[in-house]
Amino acid sequence: MYRIAIYLFAFSVILTAGCAETETPAEETPTETDVRTEIEKKIDQYATVRLSTDLSKLTDKQKEMIAVLIDAGKIMNDLFWYEAYGDKGALMEQLKDPLVKRYAEINYGPWDRLDGNEPFVAGIGAKPAGANFYPEDMTKKEFEMAELPEGTSLYTFVRRKEDGSLYTIPYHQQFAAQVQEASDLLKKAADLADNAALKKYLLSRAEAFLNDDYQPSDMDWMDMKDNQIDVVIGPIENYEDNLYNYKAAHEAYVLVKDMEWSERLAKYAAFLPELQRGLPVPDQYKAESPGTDSELNAYDVVFYAGDCNSGSKTIAINLPNDEEVQAEKGSRRLQLKNAMRAKFDKILVPISEVLIAPEQRQHITFDAFFANTMFHEVAHGLGIKNVVNGSGTVRKALEEHSSALEEGKADILGLYMIKQLHDKGELDGDLHDYYVTFMAGIFRSVRFGAASAHGKANMIRFNFFKEKDAFRYDEATGQYAVDFEKFEAAVTELSRMILTLQGDGDYDGVARLVAEKGVIGSGLQSDLDRLSDQNIPVDIVFEQGVEVLGL
């Protein structure tokens, strides 16, 4: 099958060639219908979900605040477009087919995030590893020799002068008008806040937009405990920078806290220090202490924007990423319950009916899916943030591989935590539910492709489990069954390997691991193709905003 970029290019040639004769056989010439069919298939990979929640318990001020925060979130869309691609307006003007435009909006650019960032627009080349954070023609050697004082900063763009040399420009200067507007909207939201901690955070975050000093507002965000409205907004995650993993991309979530569910989850954070001490590695790889102020909460998300809304959608959050804030305050884990439920019902259950052996399908449960996702986020707080030789952070040592390994660590240590808490009687349910649901979750996640940090992490884990016989595969039915005993042993062994690689800051070792195991093999790809043949969605896309909420 041709890629859609080839179809579009061929179709444009046909349009401009008029009645010119051609030697190409008619059956090999893609038609406009062919092109639209391919784009329709791509769009159909996403199930549409209406993002809403019960607002009846909120005050009028809280409802008004949500609308203001959504306006601020929309600005993050514009900033992320620039970071991921560049000039959105120029691209959209070039695209004439409304379906292609729609797919570009879903992907925040002309590259398919569910297909290894392959271009789907004619004339567009490969996506730059550094997205739009660096000059497209910049090499790593050039960057490292330039010795830019703020080159590795989370909050700068690297640009080229007329003489060809490199320089940096801070986000708050590059986006001066937009961040001023976002700052003003956060101040307006603060005026509507009755919760003192929320008000303080909104004001400090508003200030951060104007100077790129986000740490004080991260500290303030950690101090919020009983606020029912929440917002995560700003330059946060490093996934978009696949060159170095240095640069943070803009995003926003507007959230309504589920007070009842959050109360149920609160107890688990207290076990973090004990779980850290029990990690299956020598003491130097677990010498750091996770913050004791960590929280677990459940939310309904009512608006996504920017990085978190591009391609596959986030269903849980673990923030802040700042290692100093984590050391002092811990982190907060936000479970996005309504988005999680949508993925379970529309994607995970249908996948299990195709790929999981019938005798194990009883173990696919929403509670296990929720717990696996939640403890993934909690597990980000375990392990080590600084390499054991004292030379700096794990993130800096592993560069572009740091996110993939960190996601892999969180997945596998999440299972470790579940086993430990279940053994202590602190977690209900059949342990096999968590394992089988986890296995089905790998198939859900790898359909995003192996290009992303999460995709690489899932493939490393799948291929490691395969090597250790942690599951059985029935070639006749194309179905998988977990070998529970070998599965547990593989979880422990992979946990030890990842924690050691991180603690050693072993860039070469991680690069080998990603190269050897971070790939989708032909056998697995055939099984994933069966899911597409049965029209099982890969991910979700939202109907969202004040109109959907009835505000």
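The values are calculated or read from the model by the stated rules, or taken from the named source; none is laboratory data. Fair warning: this is a prediction, and the values are worked out from it, not measured in the lab. Here the Cβ is made from the backbone with ideal geometry for all residues, glycine too, and neighbour counts use every protein chain on show.
Which members of segment 169-216 meet the condition of being of a type in the set (Val, Ile, Thr) and surrounded by fewer than 18 Cβ atoms within 10 Å (Cβ to Cβ)?
Across segment 169-216, the qualifying residue is only ILE169.
Are there any helices (runs of 4 or more DSSP H) wholly within segment 274-369 with 1 or more residues that are crowded, with 19+ Cβ neighbours inside 10 Å and small (Gly, Ala, Ser), and if so which?
Answer list for segment 274-369: 337-343, 349-355.
Before we move on, is ALA511 surrounded by 19 or more Cβ atoms within 10 Å (Cβ to Cβ), closer than 21 Å to LEU413 by Cα and either touching a residue at least 60 places away in the same chain (Cβ under 8 Å) or of a type in the set (A, V, I, L, M) (or both)?
Answer is no for this residue.
For every residue, the table says whether it meets (1) touching a strand residue (DSSP E or B) at 6+ places or on another chain (Cβ under 7 Å); (2) buried (at least 16 other Cβ atoms within 10 Å of the Cβ); (3) of a type outside the set (D, E, K, R).
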position	(1), (2), (3)
VAL121	no, yes, yes
ASN132	no, yes, yes
PRO135	yes, yes, yes
PRO149	no, no, yes
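Only one of THR373, THR393, THR477, THR437 is β-branched (Val, Ile, Thr) and more than 24 Å from SER352 (Cα to Cα). Can you tell me which?
The match here is THR393.
Being surrounded by 19 or more Cβ atoms within 10 Å (Cβ to Cβ), at pLDDT 90 or above, among the charged types (D, E, K, R) and in contact with a Leu (Cβ under 6 Å, 6 or more places away or on another chain): is that true of ARG461 here?
No.
Taking the condition out of contact with any His (no Cβ under 7 Å at 6 or more places or on another chain), surrounded by fewer than 21 Cβ atoms within 10 Å (Cβ to Cβ) and closer than 30 Å to ALA206 by Cα, does GLU162 pass?
Taking the combined requirement at face value, the residue does not satisfy it.
Please find, among ALA305, ALA287, ALA298, ALA269, the residue that is within 13 Å of the chain's Cα centre (by Cα) and either modelled with pLDDT under 95 or not aromatic (Phe, Trp, Tyr) (or both).
Only one candidate passes the filter, namely ALA305.
For segment 451-490, which positions are farther than 20 Å from ALA515 by Cβ and of a type in the set (S, T, N, Q)?
THR477, GLN479 - these are the residues of segment 451-490 that are farther than 20 Å from ALA515 by Cβ and of a type in the set (S, T, N, Q).
Output the residue which, of all residues in segment 532-544 that are outside any strand (DSSP E or B) and out of contact with any helix residue (DSSP H, G or I) (no Cβ under 6 Å at 6 or more places or on another chain), is modelled with the lowest pLDDT.
Checked segment 532-544; the qualifying residue modelled with the lowest pLDDT is SER532.
Which residues, counting only those in segment 248-263, are buried (at least 24 other Cβ atoms within 10 Å of the Cβ) and either among the acidic types (Asp, Glu) or at pLDDT below 95 (or both)?
GLU251
Would you mention how many residues in segment 454-496 are in contact with a His (Cβ under 9 Å, 6 or more places away or on another chain) and part of a helix (DSSP H, G or I)?
Of the residues in that region, 2 qualify.
Would you mind listing the helices (runs of 4 or more DSSP H) fully within segment 1-97 where at least 2 residues are modelled with pLDDT under 50 and loosely packed, with under 12 Cβ neighbours inside 10 Å?
Per the criteria, 4-17.
Among the listed residues ALA357, ALA339, which satisfies the condition of being closer than 22 Å to ILE233 by Cβ, modelled with pLDDT of 90 or more and of a type in the set (Gly, Ala, Ser)?
ALA339
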